[in-house]
1. Whole Å is fine, so just give me how far the alpha carbon centre of region 176-219 lies from that of region 49-96.
2. Each label point is 7 Å from the Cα along the Cα-to-Cβ direction; what then is the distance between the points at residue 258 and residue 78, in nm?
3. Can you tell me which of 79-92, 41-54, 215-228 comes out highest on packing, and rank the rest after it, using the mean Cβ neighbours within 10 Å?
4. Let's test this: bin the Cα-Cα distances of the chain at 10 Å from zero up to the farthest pair and state each bin's percent.
5. If the elastic network links every pair of Cα atoms under 10 Å, which of 202, 11, 137 fluctuates the most in the Gaussian network model of the chain?
6. Can you tell me how much longer the chain between residue 48 and residue 33 gets when fully stretched, taken as 0.36 nm per residue apart minus their C-alpha distance, in nm with one decimal?
7. Give me, ordered by chain and number, the residues 5 or more places off residue 28 or on other chains with an amide H under 5 Å from its own placed amide H.
8. Hey, with R₀ at 35 Å, roughly what FRET efficiency would residue 233 and residue 15 work out to, going by the Cβ-Cβ distance, to 0.05?
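Just so it is clear, none of the values below were taken in a lab; they were calculated from the coordinates. Since the model is a prediction, treat every value here as computed from it, not as a measurement. Because the Cβ atoms are built from the backbone with ideal geometry, glycine has one as well, and the counts that use them run over all protein chains shown.
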Amino acid sequence: MDIEKIKKKFAKNFKDEISGFSGDLNTFSLIQLPSKRNLVYELTFIRKPRNFPKELILKKFQTKNAENEIITYKKLENQDINVPKLLLFKKSYLILEKLNGTNLCDLINDNLTDTMKLEDLDPDTRDKIINSVELLANWFAQLHIKTKKIKKKATEVIVLNKGDTRLKDFIVDFTTDTLYGFDFEDSYEGNPIDDLAWICTALLDTNPGIFEMTDPKHKIELINIFLKKYYSLTSFNFDFNYFTESLIDNLNIVMKRRSIRLSPIKKATFIEEIKKEL
């Protein structure tokens, strides 16, 4: 769907929902943002409407997961988890607050290019990346603690998992030292380690990672920092075998998605390599 069609549909659906918005297509602009499954745009009004931000994020669902995402946003906002504010939803169009800050995936990977270890970075950049990864661990700790449930078996804990979690789903605002998470259409209740394994997968598979380097020491270092910070903030048990098996399964999923022509990663050999660092 081209931008002009999206603009017309937005104007039709929301001219009566946004005070001071006439529906005139010349009163706002759209810039499409990268998204694989849905259509996502940055929307800017030429003149700020009354009681509404001048800039916002518009999401047009192409999937059937809209209701799940709406419910999750409302739940997390009520629990004071750092997420963008849900402003409006109507006819598969979701309007969110636009977050100011730096995308976590870009922050990490752009700065790690042409390096082998974190110590290769200048101190300020290294501290910024480490702080951001610790903020990420804190975000997940808060998400899991505040959504924790005990099942019938005393040892079995379930939490709200973000689901299919990627580094690109987070924005860091360095002016307030705050990290925000977004994109919850795949959220579900399950083992908290599921989220941790996906984050570590994202650290390993994004460039520069294990598909570009034989030994991405800086990414293993960040995995250690992330997990240590998370478990310093929670009382959840860490099942190393469950974690590493989930990690390998995730990496094989990523390889298939990206059509990477390599043999599937074998659990036994890779787990032993990870154990040396964790």
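1. Here the two parts' Cα centres lie 23 Å apart.
2. Roughly 3.9 nm, to one decimal.
3. Per-residue mean Cβ counts within 10 Å order the peptides as 215-228, 79-92, 41-54.
4. 6, 27, 32, 23, 11, 3, 0
5. In the Gaussian network model the winner is 11.
6. Roughly 3.3 nm would be gained on extension.
7. 46
8. Here the calculated transfer efficiency is 0.20.
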